[in-house]
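**Q** So that we are looking at the same thing, I have put the structure below in structure tokens.
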Amino acid sequence: MTKVQLSGVRKVFGTFTAIENIDLTIESGELVALLGPSGCGKTTTLRMVAGLEAPTSGEIMFDDQDVSHLPVQDRNVGMVFQRYALFPHMTVEKNVAFGLSVRKVPKAEIEERLAEILDVVQLSGFRHRFPAQLSGGQMQRVAIARTLITKPSVLMMDEPLANLDTKLRGEMRRFIRDLQQRFGITTIFVTHDQVEAMELADRVAVIFDGHLAQYDTPDTLYRQPRTSDVADFMGASNLFAARLAAPDRAETAFGTLKVSPRADLRTGEEIDVVLREEAIDMLDRPDAATHQALSGEIVARDFFGANVNYTVACGEARLSVSEQSRRLVEVGSAVWLDIAPDRIWLMPRRTNQTET
């Protein structure tokens, strides 16, 4: 297991700055997701850690050893790409064992490690098949096995599930996570899928335009985004401009909210408020236990099987509310909205914030 550290890493291509002074520590045995929109620099970051690109400045350390300009073949890293890159004329066992054969590992050791890894990835019964005879998920397992059999110190995966359908992606996410925990291997996983990052990773690094916007656990990232841009990217459907009228009061376009005080925000400051749609309780009428009493009317309803999403008009504002589908409330119904103060997240105002 290897600890990976990036210190002030910067990458410039001609006049274009792809990565700007990223500081990142990945602990030994940790799975970290690099998350962001296309073109944000996450794959460039991965390629620098792998040794496929050299940083323009800054340091990349493996267990306190500077590998910034060490060739990829001297880093003992493993790469799994979006495209499986399997040899079509080779069987599963020959594809998986290829890296060991190139390294001229003794045949007896190759066979031992091959049997072990094929059992781990549940492909023992497919060792004599060719890639064309495999499903997408099976081909991805071959690609992972081919990497793991070489015993890399760091495993890197660049959008490895992008070519799979939704159901198979879910299965492969669980498979990769179980495999990573079983081997305890330090893993860096690149994705633009928020659900994928939060389900897989111990920590998530959100990258925008070459800058590290936030690096946190999935829970913290989801519930306590550092900026409005991060909140928006992580799927916050209720993001509103507000003013902090008192340490525990926020004035919004749809009413005053009771909030939990934050030491880093000042009374009178213009702020943004994040209300997660599943954190809002929709009531027929307020009662003694109600924290807020926001009156509204349901103007739209979308049924998603297990859940129902409601759009509720509160004055000029529109709030999205998600409930389990144990009940269905009709469009046009008058309702009350309640949000516990500790489920409301406040942050400094985004300069280009528009009213929702």
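The values are calculated or read from the model by the stated rules, or taken from the named source; none is laboratory data. Being a predicted model, the structure only gives us computed values, none of them experimental. Cβ atoms come from the backbone with ideal geometry, glycine included; neighbour counts cover every protein chain shown. We work out accessible area using only protein heavy atoms, side chains counted, and drop any ligands, DNA or RNA first. Shrake-Rupley method; radii C 1.70, N 1.55, O 1.52, S 1.80 Å.
**Q** Would you check if Val308 is of a type in the set (A, V, I, L, M, F, W, C) and in contact (Cβ under 8 Å) with a residue 24 or more places away in the chain?
**A** Details: of a type in the set (A, V, I, L, M, F, W, C): yes; in contact (Cβ under 8 Å) with a residue 24 or more places away in the chain: no.
In short, no.
**Q** Follow-up question, since we're still on this one. Looking at the range 291-319 only, could you name the residues that are farther than 17 Å from Phe254 by Cα, open to solvent by 60 Å² or more (accessible area, probe 1.4 Å) and of a type outside the set (Gly, Ala, Ser)? Please lay out each step first, then the result.
**A** Step one: of the range 291-319, the residues farther than 17 Å from Phe254 by Cα are 300-309.
Among the residues that remain, those that are also open to solvent by 60 Å² or more (accessible area, probe 1.4 Å) are: 301-304, 306-307.
Answer for the range 291-319, where residues must be farther than 17 Å from Phe254 by Cα, open to solvent by 60 Å² or more (accessible area, probe 1.4 Å) and of a type outside the set (Gly, Ala, Ser): Arg301, Asp302, Phe303, Phe304, Asn307.
**Q** Now for a separate question. Inspect all residues belonging to the range 82-96 and state whether any of them is part of a helix (DSSP H, G or I) and at pLDDT below 90. Can you show your working first?
**A** If we filter the range 82-96 for residues that are part of a helix (DSSP H, G or I), which is where we start, we get 92-96.
Subset that is at pLDDT below 90: none.
No, the range 82-96 contains no residue that is part of a helix (DSSP H, G or I) and at pLDDT below 90.
**Q** On to the next question. Against the condition open to solvent by 80 Å² or more (accessible area, probe 1.4 Å) and more than 26 Å from Thr220 (Cα to Cα), how does Val335 come out, does it pass? Walk me through it before giving the result.
**A** Numbers: open to solvent by 80 Å² or more (accessible area, probe 1.4 Å): no; more than 26 Å from Thr220 (Cα to Cα): yes.
So Val335 fails the test.
**Q** Something else now. Could you tell me how many of the residues in the range 304-324 are within 17 Å of Leu294 (Cβ to Cβ), out of contact with any Asp or Glu (no Cβ under 6 Å at 6 or more places or on another chain) and not small (Gly, Ala, Ser)?
**A** Of the residues in the range 304-324, the ones within 17 Å of Leu294 (Cβ to Cβ) are 310-323.
Right, trim to out of contact with any Asp or Glu (no Cβ under 6 Å at 6 or more places or on another chain) and you get 310-312, 314-319, 323.
From the residues that got through so far, the ones that are not small (Gly, Ala, Ser) too are 310-312, 314, 316, 318-319, 323.
Residues meeting the conditions: 8.
**Q** Next question, about the same structure. Do we have any residue at all in the range 244-255 that's open to solvent by less than 10 Å² (accessible area, probe 1.4 Å), closer than 27 Å to Val308 by Cβ, among the polar types (S, T, N, Q) and over 19 Å from the mean Cα position of the chain (by Cα)?
**A** No, the conditions are met nowhere in the range 244-255.
**Q** Condition (residue is open to solvent by 50 Å² or more (accessible area, probe 1.4 Å), within 18 Å of Thr147 (Cβ to Cβ) and aliphatic (A, V, I, L, M)) applied to the range 45-59: is it met by at least one residue? Please lay out each step first, then the result.
**A** Step one: list which residues in the range 45-59 are open to solvent by 50 Å² or more (accessible area, probe 1.4 Å), which gives 47, 52, 56, 59.
Narrowing the set further to residues that are within 18 Å of Thr147 (Cβ to Cβ) leaves 47, 52.
From what's left, aliphatic (A, V, I, L, M): 52.
Yes, the conditions are met somewhere in the range 45-59.
**Q** Go through (1) in contact with a Lys or Arg (Cβ under 8 Å, 6 or more places away or on another chain); (2) touching a residue at least 40 places away in the same chain (Cβ under 8 Å); (3) part of a helix (DSSP H, G or I); (4) open to solvent by 10 Å² or more (accessible area, probe 1.4 Å) for Arg182 and report which single condition fails.
**A** The number of the failed condition is (1).
**Q** What pairs can you find where one residue is in the range 46-71 and over 16 Å from Glu27 (Cα atoms) and touching a residue at least 60 places away in the same chain (Cβ under 8 Å), the other is outside any helix (DSSP H, G or I) and not aliphatic (A, V, I, L, M), and their Cβ atoms are less than 8 Å apart, with a gap of 6+ or different chains?
**A** Within 8 Å, the pairs are Ala50/Arg75.
**Q** Can you tell me which residue in the range 1-41 is most open to solvent (accessible area, probe 1.4 Å), limited to those that are β-branched (Val, Ile, Thr) and without any contact (Cβ under 8 Å) to a residue 60 or more places away in the chain?
**A** In this case the residue turns out to be Thr15.
**Q** Is it the case that Leu168 is at pLDDT below 90, part of a loop (DSSP other than H, G, I, E, B) and either β-branched (Val, Ile, Thr) or open to solvent by 10 Å² or more (accessible area, probe 1.4 Å) (or both)?
**A** Details: at pLDDT below 90: yes; part of a loop (DSSP other than H, G, I, E, B): no; either β-branched (Val, Ile, Thr) or open to solvent by 10 Å² or more (accessible area, probe 1.4 Å) (or both): yes.
Spelling it out, it is not the case that Leu168 is at pLDDT below 90, part of a loop (DSSP other than H, G, I, E, B) and either β-branched (Val, Ile, Thr) or open to solvent by 10 Å² or more (accessible area, probe 1.4 Å) (or both).
**Q** Answer yes or no: is there a residue in the range 31-50 that is at pLDDT 95 or above and in contact with a Pro (Cβ under 7 Å, 6 or more places away or on another chain).
**A** yes
**Q** Looking only at the range 106-134, count how many residues are touching a Lys or Arg at 6+ places or on another chain (Cβ under 8 Å) and outside any helix (DSSP H, G or I).
**A** 3
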